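Enquirer: I have a structure I would like to understand better, so I am pasting it below and will then ask my questions one at a time.
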Amino acid sequence: MAAIRHALQHEVFQPCDERLLAFVHVSKAFKKKKTSFLCISVTKETPLIVNIYQVKKTDKNVMKKKRSWNLSNLTLVDGKTTSLETHEFDLHFDKVYKWFASNLQERQCFLIVLWKQCSSYSLKERPEFKNLPKEWISGELSPSQTQSQITALTGDVEVDGEDYQALTEREEMDLEQLMSQCGSAVSNAEAFMETLARDLSVLDGENVQSVLASEKQVTHLMEQLEVAITEVERVESQLNSYDNILCHIRNTMDKMEEKNMLIEVANRNNLKLLTELERVIFQLELPKKHQNALEDADLMTKEGLRDAITAGKALQAVMNAEIHPALVRLAAVQEQKKRFDKWKSKFSQIISRHLNNLFIHLGNDAGEQTGTLLMLPKHTKLHRDLTAYTELMHWCKVMDRKAYTALTKVYTNCLGKIYERDIHQFLEDAKHQISGVNSSTVGREDKLRNTNWGLLGVERDQWGVECDPSERLRFDHILEKVLAQLEPVCLSEQNFCVSFFQLDVLSPTTKNTQTTLDGLSGDNRTELEAVVLPQKRIEKQVNEEVRKMMADIFSCIEPELVNFINHHEKLDSMHGVRQRYCYLENAVNRHYQSYCMYALVRFSQHVMSAQDTGSFLSMTFGSVLVQVKRNYDRYMQAQLRSIHESKVNRKSKCGILPFVANFEEFANHAELIFKDTERRGDLDKWYIKLGTAMFEVIPSVAADHHKTPSEVVKMENFHHMFSLLSQLKISVLDAHKKEAKQKYNDALKAYVTRYFGRPLEKLNQFFDGVQVKVAQGVKESEISYQMAFSKQELRKVIREYPGREVRKGLNDLYKKVEKHLCEEENLLQVVWRAMQEEFIQQYKYIENLIQRCYPGSMITLDFSIEDILQFFSEIARSH
């Protein structure tokens, strides 16, 4: 700021004999990027003139005045607000100039100096100052404060050794009083100056006399001061002596206090050490009876088992006593630890040997007998017998991880064999109940091996031996019972394993044994700290351990269920749907049932209704569901392929195609199975594919059939599809229903056009020629004057179509239509009615042309519309 002030004074105002009073760094309110300086200056020569300038830097970095205003032209100063944090202010001259100050102190100094200048000079109209702090414009700031702020920001600028300073009010009053005492002060300035000089000389003399008179007093005062200094030095010396004595005493007391504190600390430490040693001895003391129970545990009796559990807990407690790590390194503690390890090893061996033998023995458990009912045996007695050893198993998990892992493996192997036996026999019984017999169904499978049942593209007479519908219902019922029986058995075993093996508690370390007596090295401490996991992660690890153990025990569930499903899905695909589709004449045939649809729905219900989707059984069902879904898709793919490969007998009338005729039974059965289930979307997806395939194959078969017109094949099959879809009311097939109706109408129209044609052909040809003449410009009323289209020629053509000949032609046409159509759809009368309407339209067309082209000629056909209606009615009744 000093550099800027100096630059402004010397570059801008000094050449003009002006002195800079204040400046502020500003920009226009709406153009803050373009900055300049707003300066207040005063001339050095009288009369003093105050100006306000806007100074800007040129491109060559030179200060230059841009605008100037005289202070007398200022009308209003608006500070916008009385807040000290406001940067904006307005100056009103010939127009309003809005400024934005970069520095708040510069703004304050500028406005204060501006107010003082306006107050110091006599102006015609003093400008108004508003929205400014009162202390700025009321003179409440002390002269020293105002001058310090102004000097700090503007500096004390001197030019050629001259400095201007306005007189204060007191100085003005003294000057006026002095001038009033001298009458010639105004009229004769030189006489006034001589008087002032003479008074000044008198005052100087009096001052000298006063100084000389006070010299003796000053000398006496100096002597007194020297005496006082001497006394002060003596007192100070005495105080220093006392201070040294006090320092010595203080040091002595500090040393005595420190010794007392050390003695007290030693006493407290001795007491703490004694207390800690007594506590350690008490914590590491194992009673004799527990020692005997650990070395010779009797796990066969209730009392021996109770004593063993109590001794094991006592051993675990002493080995996990809360002892400071430093005390663990004591020789006595280490020796006691060795004895604990010996007892732990002996006790662990006894537990492992006993539980190992018990697991193997209980592995022959037959479970609860259910008689002839289809029920999966439960092993509550086995669980009840093992529950007594739960606390010992928990002890092994904490104190001997290797023994715990080995016992877990033995248990899973033994129980896995039990459940594999039970589940296999359970599913075999389920197969027998589904088939309705108590013996093998191999003979029945051989009987059905060369049959095709349920394929949409196969004729019904080729389906062979049909499966008893009640067997399908039994399969659905038994499958639901099987899944419902598996859930409580698996859940019971899972709950027992979680409790018995303490699977819901994570191990704090991977070491075989971790107790406080082992001490905590850096690695061990890090390992234990790592156990502090988020709750969700802990639950995830627990669930993984539970699932792993259940998978070891029930490893047979998934393959047994898959075999059970595959056994019955051989009725869907005896050799697998992946084989190429063949017909009876190829002697490589398969039969189809809907077991895969039942299985898909049942497994989906159990998977979707599972409360714990991450449980072992839920995930197992989900895995089997994936296999069932694949089988279902292959089954539907076979249906789709049978539609595309559908074949009909070309030596006879076509009629309704097999896949069209069979779709009703297929859809009704599928709707019954998938009603109100979560798998409805899978069925709807295949509905669309099957419907699209049928709509594609119908025209293809129609084009290749030689005995039945293609229009009839499409008309009958699309009519059947429209009626069937209207009856089934399957929402996803609504578009197919509309398309079937449209294709049926198109085929009906095409058939009528092709086979009905124009029975009055010569008449139609005659009037086709008439239409050509009219198109060439001949008026309809003048057609009869054309030789080829005269009235005589028209009568001649009409005579060729007497009523009896027309009736005979319609009778022959009826026989042909009857030969083309099949009886199942009953479309004969519909087609005959359409032909009747077509004939009437042609009749009206000819009659209309006769009336327009041959008016008043009295020419008419040999038969009327009533005769046509009678012909069609009599022919229909006669057949």
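Enquirer: Any of Lys808/Lys844; Lys647/Lys749; Lys288/Lys381; Lys409/Lys536 with alpha carbons more than 29 Å apart? Name them for me.
Expert: Lys288/Lys381
Enquirer: Shifting gears a bit: Does anything in segment 798-815 have its amide N under 14 Å from the 7 Å Cα→Cβ label point of Thr860, and if so which residues?
Expert: 803
Enquirer: Which value, in debye to the nearest 20, gives the size of the charge dipole of segment 774-842 about its Cα centre, when Lys and Arg are +1 and Asp and Glu are -1 at the Cβ?
Expert: The dipole of segment 774-842 has a size of about 480 debye.
Enquirer: A follow-up question, please. Give the whole-number value, in cubic angstrom per residue, of the convex hull volume spanned by the C-alpha atoms of segment 679-757.
Expert: Expressed per residue, the convex hull around the Cα atoms of segment 679-757 is 76 Å³.
Enquirer: Phe129's amide H: which non-local residues (gap 5+, or another chain) put their own amide H closer than 5 Å, with H modeled 1.01 Å from N in plane and none for Pro or chain starts?
Expert: Under 5 Å from the amide H of Phe129 lie the amide H atoms of Val77, each far enough along the sequence or on another chain.
Enquirer: Rounded to a whole number, what % of the accessible area of segment 199-250 do carbon and sulfur atoms account for, probe 1.4 Å?
Expert: Accessible surface attributable to carbon and sulfur in segment 199-250 totals 61 percent.
Enquirer: Distance between the C-alpha centers of segment 187-209 and segment 303-344? Whole Å please.
Expert: What the calculation gives is 116 Å, centre to centre.
Enquirer: Given Cα positions, please report Rg to Rh for segment 270-353, the hydrodynamic radius being the Kirkwood one.
Expert: Across segment 270-353, the Cα-based Rg/Rh ratio is 1.06.
Enquirer: Still on this model: Under the rule a/c < 1.5 gives rounded, and otherwise a/b versus b/c splits prolate from oblate, where does segment 753-879 land using the Cα gyration tensor?
Expert: Because a/c hits 1.5 or more and a/b exceeds b/c, segment 753-879 counts as prolate.
Enquirer: Assuming 0.36 nm per residue, please report the length gained on full extension of the stretch Thr677 to Met261 beyond their Cα-Cα distance.
Expert: This chain segment gains 141.3 nm when fully extended.
Enquirer: Any idea what the alpha-carbon Rg over 2.2 N^0.38 Å comes to for segment 347-427?
Expert: Against the empirical 2.2 N^0.38 Å value, I get 1.23 for segment 347-427.
Enquirer: Quick one: Karplus J couplings for segment 305-315, per residue in order, coefficients 6.51, -1.76, 1.60, θ = phi - 60°, nearest Hz, x for Gly and Pro?
Expert: 5, 5, 5, 5, 5, 5, 5, x, 5, 5, 4
Enquirer: Do you know the relative contact order of segment 314-434, to the nearest whole percent, from alpha carbon pairs under 8 angstrom that are 6+ apart?
Expert: Relative contact order, segment 314-434: 30 percent.
Enquirer: Give me the Kirkwood hydrodynamic radius of segment 299-394, using the inverse of the mean 1/r over all pairs of distinct Cα atoms, in Å to one decimal.
Expert: The Cα-based Kirkwood calculation yields 16.4 Å.
Enquirer: In segment 1-148, what is the volume of the convex hull around the alpha carbon atoms, normalised per residue and reported in Å³?
Expert: 119 Å³
Enquirer: For a quick protection proxy, order the peptides 542-549, 331-338 by their average other-Cβ count within 10 Å, most packed first.
Expert: Order by mean packing, descending: 542-549, 331-338.
Enquirer: Here's something else I'd like to know. So what J values fall out for segment 12-27 if you push phi through Karplus, 6.51 cos²θ - 1.76 cosθ + 1.60 with θ = phi - 60°, rounded to Hz, Gly and Pro as x?
Expert: Once θ is set to phi - 60°, the couplings for segment 12-27 become 10, 9, 4, x, 9, 6, 10, 10, 6, 9, 7, 8, 9, 7, 10, 9 Hz.
Enquirer: Work out the charge dipole of segment 221-337 with +1 on the Cβ of Lys and Arg and -1 on the Cβ of Asp and Glu about the Cα centre, then indicate which of Ala326, Gly312, Ala228 is farthest towards its positive end.
Expert: Sorting the options by dipole projection puts first Gly312.
Enquirer: Right, here's the next one. Taking the highest mean first, how do the peptides 82-95, 731-744 order by number of other beta carbon atoms within 10 angstrom per residue?
Expert: Going from most to least packed, we get 731-744, 82-95.
Enquirer: Which Cα, out of Pro709, Val732, Leu672, lies furthest along the positive dipole direction of segment 647-805 (beta carbon charges, K/R +1, D/E -1)?
Expert: Pro709
Enquirer: Measure up Lys302/Lys481; Lys548/Lys675; Lys56/Lys130; Lys57/Lys124 against 32 Å on the Cα-Cα distance and list the ones that go over.
Expert: Over 32 Å apart, Cα to Cα: Lys302/Lys481; Lys548/Lys675; Lys57/Lys124.
Enquirer: At a Förster distance of 51 Å, what's the computed FRET efficiency of Glu645 paired with Val772, Cβ-Cβ distance as r, to 0.05?
Expert: 0.50
Enquirer: For segment 608-685, which trypsin sites (Lys or Arg not before Pro) are in a loop by DSSP, counting at most 10 other Cβ atoms within 10 Å?
Expert: Lys651, Lys675
Enquirer: Would you mind working out the magnitude of the charge dipole of segment 1-107 relative to its Cα centre, with +1 at each Lys and Arg C-beta and -1 at each Asp and Glu C-beta, to the nearest 20 Debye?
Expert: That gives a dipole near 560 debye.
Enquirer: Counting heavy atoms of the protein chains only and a 1.4 Å probe, report the per residue accessible area for segment 687-730 as a whole number of Å².
Expert: Accessible surface, normalised per residue, equals 37 Å².
Enquirer: What lysines could a cross-link reach from Lys60, if we take a straight Cα to Cα line under 30 Å and drop same-chain neighbours fewer than 8 places away?
Expert: Answer for Lys60, where 30 Å is the Cα cut-off: Lys28, Lys31, Lys32, Lys33, Lys34, Lys44, Lys98, listed by chain and number.
Enquirer: Taking all protein chains in place and a 1.4 Å probe, what share, in percent, of the accessible surface of segment 782-879 do carbon and sulfur account for?
Expert: About 47 percent, which is the carbon plus sulfur part of the accessible surface.
Enquirer: Rolling a 1.4 angstrom probe over the protein heavy atoms, how many square angstrom per residue are accessible across segment 809-879?
Expert: Dividing the accessible area of segment 809-879 by its residue count gives 53 Å².
Enquirer: Let me ask another. Based on the alpha carbons, how large is the Rg to Rh ratio for segment 280-322 when Rh follows Kirkwood?
Expert: In segment 280-322, Rg relative to Rh is 1.03.
The values are calculated or read from the model by the stated rules, or taken from the named source; none is laboratory data. Owing to the predicted nature of the structure, the values given are computational and were not obtained by experimental measurement. Here the Cβ is made from the backbone with ideal geometry for all residues, glycine too, and neighbour counts use every protein chain on show. Note: accessible area is taken over every heavy atom of the protein model, side chains too, but ligands, DNA and RNA are not part of it. Shrake-Rupley method; radii C 1.70, N 1.55, O 1.52, S 1.80 Å.
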